[in-house]
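Here the structure is laid out as structure tokens; the discussion comes afterwards.
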Amino acid sequence: MENLRVGALARQAGVSPRTVRYYESLGLLPPAPRSPNGYRSFPPEDLDRIRFIQRAKALGLTLAEIKHLLAVAEKGHCLLTQAELRDILERKIAACTERIQALTAFRAVLEAAIQRLATASDAQLGSPQSCDCCAAFAPDCPCIPEAPARAA
């Protein structure tokens, strides 16, 4: 297979030409040699490299993590690449678990606020014509109940 211009490489990889150039600018792709007329001329191996990048992105890796993983993979030792990927994925799982816990706690805060609104009497809330506390931004306004403090 002969070298590919940026558009052909992008098409075959399922990305935009801008993405190919961006990956090259970040060092995810080695600098492509230029043809005599100035076009980038990518070797066919870069197609596999972009596909590797896309698979890593699908796992949620950042471009910085992918760059690191590419450097490990370039050494040609699959076991090292797999071990490094496992470490990255374990950190991602831990971060997901923390985020899920934070979101679950926040959901409870929102549900508690809805419950306070549902149990407030009409007298507390007032009618749209008689409610002066919202316009004054009163701290005890029952229209927007104070949420319990969120865990850090």
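Read-outs throughout are calculated quantities, based only on the coordinates presented, and are distinct from any laboratory measurement. Because the structure is a prediction, the values reported are computed rather than measured. A quick note on method: Cβ atoms are made from the backbone with ideal geometry, for glycine too, and the neighbour counts reach across all protein chains shown.
Structure values in brief
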read-out: Trypsin sites (Lys or Arg not before Pro) within region 70-101, DSSP loop, no more than 14 other Cβ atoms inside 10 Å; value: K75
read-out: Tensor-based shape of region 45-93 (alpha-carbon gyration tensor, a/c under 1.5 rounded, otherwise prolate or oblate); value: oblate
read-out: Cleavage-rule hits (chymotrypsin sites (Phe, Trp or Tyr not before Pro)) in region 18-59: DSSP loop, at most 15 neighbouring Cβ within 10 angstrom; value: Y39
read-out: Shape of region 34-122, Cα gyration tensor, a/c cut at 1.5; value: oblate
